[in-house]
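Only one structure is covered here, and it is reproduced in the block below.
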Amino acid sequence: MQYLFDAWNKVGRRFKSAEHVLLLSDYDGTLTDIVEKPELAMLSIETKNILRKLSRNRHYTAGIISGRALADLRQRVGIDGIIYAGNHGLEIEGLGSHFLEPLAEEMRPLLHILNRALLAAFRGVKGVFVEDKGLTLSVHYRLAEGSEIDKVEHAFSRITDPLHVTGQIRITRGKKVYEIRPPVDWNKGRAVSWLMARLRQMKGKERALPVYLGDDLTDEDGFKIVEQNRGISVFVGEEDVRTEARYFLKSPHEVTELLRML
């Protein structure tokens, strides 16, 4: 990986010379700092104002792809004219359409049952909470004591393994979080591909430059698709992390600086 600002002479020219730029970013850990609880991750006024200006710039189509539910994401960002993709792209709103992955919608009753089972299993375990996002579930254990981690892993496996091994759900991991998703071949990378195709269909932008910024394992699929399409992929975090991204920025503060430069 190369530090993006060290390569800015080259990268900046690509932004400027592109016919159009599809600028996509993760939310938590990319536009905002990682915090103890998801509800505390608020977009700064500065970053929001910059994104609002970019949304009005015809050179850019901006969007946010997050593990959060779409409604939660839209409420937190509150900017008209940008793309919102929630639940890792299982639901997308923007570019004149609303996409909802059909199987994910059918899975709601099963996830509701799983949510109740997980809530019961972790009752009394400090620092662990279950987030019901409608189409997916997240089990956060960032605040759990080290001595509780084995208990958390055991309880989670006991409840989810029977469904996981039979292909009824998919399990992924993030930063101190387990994600439970529908068993569909859909992720942030597929969402990026869908948005690129939609952009071509709606606006005729055949040569739009795809850009993706993210900080977590779930963003790797987005990096891969962007690299396959000769775009610009940016990991947010330490440079010694193994990633598909070509460039890196050190923090969400530097992401805001990048957006200001654009």
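The values are calculated or read from the model by the stated rules, or taken from the named source; none is laboratory data. Since the model is a prediction, treat every value here as computed from it, not as a measurement. Cβ atoms come from the backbone with ideal geometry, glycine included; neighbour counts cover every protein chain shown. We work out accessible area using only protein heavy atoms, side chains counted, and drop any ligands, DNA or RNA first. Shrake-Rupley method; radii C 1.70, N 1.55, O 1.52, S 1.80 Å.
Are any of the pairs K175/K250; K53/K175; K48/K224; K10/K224 more than 19 Å apart by Cα-Cα distance, and if so, which? Walk me through the intermediate numbers first.
Numbers: K175/K250 17 Å; K53/K175 31 Å; K48/K224 27 Å; K10/K224 21 Å.
Over 19 Å Cα-Cα: K53/K175; K48/K224; K10/K224.
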Please report the carbon-and-sulfur percent of the accessible area for the range 26-132; probe 1.4 Å, protein heavy atoms only, DNA, RNA and ligands left out.
53
May I ask you to derive the FRET efficiency for D150 and L217 from their Cβ-Cβ distance with R0 = 22 Å, giving the value to the nearest 0.05?
0.55
Please give, to one decimal in nm, the separation of the simple spin-label points placed at N57 and Q228, each 7 Å out from Cα toward the Cβ.
2.8
Listed values [x] 19.0; [y] 18.4; [z] 20.1, entry calculated as Kirkwood radius over Cα pairs in Å
[x]
Grab the beta carbon distance between I171 and D132, set R0 = 22 Å, and tell me the FRET efficiency rounded to 0.05.
0.85
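Would you calculate a helix-derived [θ] at 222 nm for the chain, using -39,500 (n - 2.57) for each DSSP H run of n ≥ 4 and dividing by the full residue count, to the nearest 500?
Details: 9 runs with 100 residues, N = 262.
Helix contribution divided over all residues of the chain: -11500 deg cm²/dmol.
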Taking the mean number of other Cβ atoms within 10 Å as a proxy for protection, how do you rank 140-149, 69-78 from highest to lowest?
69-78, 140-149
Backbone N under 20 Å from the M261 label point (7 Å along Cα→Cβ), restricted to the range 34-60
46-55, 57, 59-60
Expected unfolding gain across L40-R13 under the 0.36 nm per residue rule, minus the alpha-carbon gap, is 6.1 nm
Global geometry of the range 172-242, whether rounded, prolate or oblate, following the gyration tensor of its Cα atoms and the 1.5 cut on a/c
oblate
Taking a point 7 angstrom from the Cα of L119 along the C-beta vector, which residues in the range 127-144 have backbone N less than 18 Å away?
127-141
Answer rounded, prolate or oblate for the range 120-213, using the Cα gyration tensor with square roots of eigenvalues a ≥ b ≥ c: rounded when a/c is under 1.5, else prolate when a/b is larger than b/c, else oblate.
prolate
Choice from E220, E39, E179 with maximal GNM fluctuation in the chain (Cα, 10 Å cutoff):
E39
